[in-house]
Amino acid sequence: MSRSAGRLRVGHGYDAHRLQAGQGVTLGGVWIDCDYGLIAHSDGDVLIHALCDALLGAAGLGDIGRWFPDSDARFARIDSRVLLREVMLQVHAAGLAPLNADLTLIAQVPRVAPHVDLMRARLAEDLGVPPALVNVKATTTEGMGHIGRREGVAAHAVVLLDAAEDPI
């Protein structure tokens, strides 16, 4: 099938959550033992939340708050990978499939470099693509602002979707 107008779609997502003293965080679907916790209705996984928003945006399906409102008790403390899998069902139902994803975590803490490969593998599994098509990177703000003061973390995600050859 040749490429045609409207077949490729780009989506961008962003999420941020406050940090507090705690016993660990989940980022990119991976538990990281540290002295912090995320303040959130769900597990607070900013990487997955940004990815969900990017996917939903590219598919023209709204945003994560529309699908999983924080006013709904069903989503309290939910594993964000469950949300990502539901988003993927909607993306596939729209006749689309991910080609790649690029995610950036913005955080002073925790240190995520040792966990990036596992994050890529888990996100790729949920997206249904090889890990080589999922990029996860992290940066700090060099001590500036609320992230630099260790008051929060944020993430950006960009995805490219294509019309699925054989929608699931």
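Taking neighbour counts of Cβ atoms within 10 Å as a proxy for exposure, in what order, fewest first, do Thr104, Thr139 appear?
Numbers: Thr104 17, Thr139 11.
Fewest-to-most ranking of Thr104, Thr139: Thr139, Thr104.
In the elastic network of the chain, a GNM with C-alpha springs shorter than 10 Å, the most mobile of Ala16, Ala138, Ala59 is Ala138. Distant-in-sequence amide contacts of Val136, defined by a placed amide H-H separation under 5 Å and a gap of 5 or more residues or a different chain, comprise Leu103.
Proximity of backbone amide H atoms, modeled 1.01 Å from N, is registered between Gly29 and Ile48 at under 5 Å, excluding neighbours fewer than 5 places apart on the same chain. Taking the Cα centre of segment 60-135 as reference, the dipole from Cβ charges on Lys and Arg (+1) and Asp and Glu (-1) amounts to some 140 debye. Of Met144, Met88, Met119, the residue with the greatest mean-square motion in the GNM of the chain, using alpha carbon springs below 10 Å, is Met144. In the neighborhood of Ile78, defined by Cβ-to-Cβ distances under 13 Å, what is the net charge if each Lys or Arg adds +1 and each Asp or Glu adds -1? Charge balance near Ile78 sits at -2.
Rounded to whole numbers, the Karplus 3J(HN,Hα) couplings from phi for segment 106-111 are 10, 7, 7, 9, x, 6 Hz, using 6.51 cos²θ - 1.76 cosθ + 1.60 with θ = phi - 60°, and x at Gly and Pro. With bins 5 Å wide beginning at 0, the percent of Cα pairs of the chain falling in each bin runs 2, 9, 18, 22, 19, 14, 8, 4, 2, 1, 0. Tilt of helix 116-127 relative to the longest C-alpha principal axis of the chain, in degrees (0 to 90, nearest 10)? Once rounded, the angle reads 40 degrees. Against the chain, whose longest principal axis comes from its Cα atoms, helix 46-59 is set at around 20 degrees. Taking every alpha-carbon pair under 8 Å whose residues sit at least 6 apart, segment 6-115 reaches a relative contact order of 26 percent. Computed over neighbours whose Cβ is under 14 Å from that of Gly13, the net charge equals -3, Lys and Arg +1, Asp and Glu -1.
Sequence-ordered 3J(HN,Hα) estimates for segment 33-40 from the Karplus curve with 6.51, -1.76 and 1.60 and θ = phi - 60° stand at 6, 7, 8, 10, x, 9, 8, 6 Hz, glycine and proline given as x.
Sort Ser71, Ser80 so the one with the fewest other Cβ atoms within 10 Å of its own Cβ comes first. Kindly include the intermediate steps, with their values, before the conclusion.
On the way: Ser71 7, Ser80 27.
Fewest-to-most ranking of Ser71, Ser80: Ser71, Ser80.
With a Förster radius of 22 Å applied to the beta-carbon distance between His146 and Asp63, the computed FRET efficiency rounds to 0.45.
Quick check on the exposure proxy: order Cys52, Cys34 from fewest to most C-beta atoms within 10 angstrom.
Working: Cys52 28, Cys34 15.
So the residues, fewest neighbours to most, are Cys34, Cys52.
Since every read-out is calculated from the coordinates, none of them should be taken as a lab result. Small disclaimer: the values here were computed from a predicted structure and weren't measured. Glycine gets a Cβ as well: all are built from the backbone with ideal geometry, and neighbour counts include every protein chain shown.
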